[in-house]
Amino acid sequence: MSPRILHIARNTFREAVRDRVLYNLIAFALLLSGAAIFVGQISIDIERLVVVNLGLTAVSLFGVVIAIFIGIGLVSKEIEKRTLYTVLSRPVRRWEFIVGKFFGLAGTLVVNTFFMAIGVFGALLYVAHKFSRPDALILVALYFIVLEFLIICSLALLFSSFSSPLLSAVFAFSLFVIGSFADDLRGFAAMAHGATRWFATGAAYLVPNFSALNVISAVAHEQPMGGQLILQNTLYALFYTAMALSGAVLIFERRNLK
Amino acid sequence: MMTARRCTTVVAAICLAVSMAASVLLLRHIDKIRPQATLEDVLYVSSPTMVKRASLGFDGLMACIYWTRTVQYFGHRHYDYAHTYNELAPLLEITTTLDPNMIPAYQFGASFLAPKPPTGAGQPQRAIQLMEYGIAHNPDNWHLYYDLGFVYYTELKDYHNAADAFERGSKVPDAHPFLRIMAAQMAVHTGDFTTARMMWSAAFESSHEFNIRQNAVEHLRAIRVDEDVTNLEQAVARFRERAGRAPASMPELAAAEHWGGVPVDPDGDAYRLTSDGRVEVENPDDFLFITKGTPPGYKAPMPKFHAHE
């Protein structure tokens, strides 16, 4: 990786930390410890299930919110503060700026997820008093969540490269919701006929398929994850991220910044 | 002298504390005016499919929330001695649609649905539907077949279907051996006390869940009382045949039967003999599920569990 990309990524990470993004960890810790303690008192026989489901869902949702709300401002904030002109007046290519911003945001989310994962395992230890072999599957779910973040970061950057922060947030969040229904969209396409079928199928494959990356429920029930699924989900997320980032670079390269 | 800034801080802090206290007090008063408002039996979304869609893929967490809501709903209704549990079956349906692998929802759900009110909702057919749905999604879990057979046996006295459920369960890999025995017992459906004791002992042994085990303990205590009272009433009948009158007291009956002492219930209290020859327990409130040994017109109290014998 070019040192310029690395510098931009590092600065993006520092900026996110300065913006107190990691404060969400406090809310996460309160949520999880509260659930671990109280669920046993108000429900029956689902303590572990709640910790895994709630923990992983919170990791996912907190991360998605951070990815969208930081991602949408990455380009526009630099333009607004006019710091972008300072950066681009140096020997930094526009694509390096976009890619650097992406890695900075992705790094922030990975660090955030790492601390949240410690919280999930801590809560699990509290309710179960010991770790068991199937608990390792939680790492697979966390890995898939990180892959999901990569896609959302790239989409937020894509929208940020040509649109206002508000519209970028709307677009990114809408795609997150639609992506969660990707399997249903494919189901609708299968039921349609003619041009509608082609259109629906195209849309189903164009939007990110987040349902394939969501294995929280399966992991909570200790269902095994195949190596093929891990490999293919990894490749899917990387290709989709590359696609969205390429789109962001293409737009940003041609954007008139004057 | 207090600075203006400090003065503002103090006033704002006092305002905050007073407002917070006032809002809490007001809310408590409002709750008294509309007491059922916060616990209203409403399913805002009754379609399980719709709830699953709306969960955006986080259906596992939604299932946990709905299961907790089910437990709370049942608990509140049960505590209020309710005779209707209209939302119980829909709540369980939503929970198990969201997460078809949530085994506690089937096991406890069936025990909430099947028994007659006020112990349960009195909907054994819905309990059977729930268990069959659970078995369809978790065919390798022998506990579900056991619970299904249990509902057929205890609530419907349907020995044929109970035997079928136990038989199906006994074929599951790693199934507990007692399932085969239960299937055989059901096929001949003789010795009701023995069978019932075996069922509840199995329920006690096969679960680590406190409430299931305590429920089993209560049933085992009740079975012992029912069996004791049946035997004592037979002894009274024998005495009546021999002496031409009812025994005057339990010691007289015990002496006539050569028991070597007055028979006692699981709590150690002596059984009472009424003037008309009926046998009663000393404290019927301590035996929630007894069907015999209670005074005429007796109404069972709220459940309270005892330590395992």
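Read-outs throughout are calculated quantities, based only on the coordinates presented, and are distinct from any laboratory measurement. Model, not experiment: these values are computed from the prediction. We place every Cβ from the backbone using ideal geometry, glycine too, and count neighbours over all the protein chains shown.
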task: Per residue of A:45-58, count partner chain C-beta atoms within 10 Å of its C-beta, then hand back the mean as an integer.
output: 5
query: Which Cα, out of B:PHE74, B:TYR153, B:GLN125, lies furthest along the positive dipole direction of segment B:67-172 (beta carbon charges, K/R +1, D/E -1)?
result: B:PHE74
Stretch gain in nm, segment A:PHE115-A:ARG18, where the contour uses 0.36 nm per residue and the Cα spacing is subtracted: 33.2 nm
- request: Could you tell me which of rounded, prolate or oblate describes the protein assembly as shown, using a ≥ b ≥ c as the square roots of the eigenvalues of the alpha-carbon gyration tensor, with rounded for a/c under 1.5 and, failing that, prolate when a/b is larger than b/c and oblate otherwise?
  value: prolate
message: Using Cα springs under 10 Å in a Gaussian network model of chain B, which residue among B:VAL281, B:VAL225, B:VAL262 shows the largest mean-square fluctuation?
response: B:VAL262
Convex hull per residue volume in Å³, alpha carbons only, for segment B:43-138: 80
message: Output the 0 to 90 degree angle, nearest 10, between the alpha-carbon long axis of helix A:137-160 and the longest principal axis computed from the alpha carbons of chain A.
response: 20
- prompt: Points 7 angstrom from Cα along the Cβ direction at A:ASN256 and A:VAL170: gap in nanometres?
  reply: 2.4
- request: Sort the following peptides by mean Cβ neighbour count (other Cβ atoms within 10 Å, averaged over residues), highest first: A:186-194, B:227-235, A:199-207.
  value: B:227-235, A:199-207, A:186-194
query: By its C-alpha gyration tensor, with a ≥ b ≥ c as the square roots of the eigenvalues, how is chain A shaped: rounded for a/c under 1.5, else prolate for a/b larger than b/c, else oblate?
result: oblate
task: Mind telling me which of B:PRO296, B:PRO90, B:PRO266 comes out most flexible in a GNM of chain B, alpha-carbon contacts under 10 Å?
output: B:PRO296
- prompt: With a ≥ b ≥ c the root eigenvalues of the C-alpha gyration tensor of chain B, is it rounded (a/c under 1.5), prolate (a/b larger than b/c) or oblate?
  reply: oblate
message: Test of understanding: in a Gaussian network model of chain B with alpha carbons linked when under 10 Å, which of B:PRO177, B:PRO100, B:PRO48 would top the mean-square fluctuation ranking?
response: B:PRO177
query: Can you give the charge dipole size of chain B about its Cα centre, rounded to the nearest 20 debye, using +1 on the beta carbon of Lys and Arg and -1 on the beta carbon of Asp and Glu?
result: 1100
- line: Most packed first (mean Cβ within 10 Å per residue), the peptides A:10-20, A:169-179 order as A:169-179, A:10-20
- prompt: If the cut-off is a Cα-Cα distance under 21 Å, which lysines reach B:LYS116, setting aside same-chain residues fewer than 8 apart in sequence?
  reply: B:LYS157, B:LYS292, B:LYS299, B:LYS304
field: Calculated FRET value between A:THR86 and B:ASP31, using beta carbons and R₀ = 60 Å, to 0.05
entry: 0.55
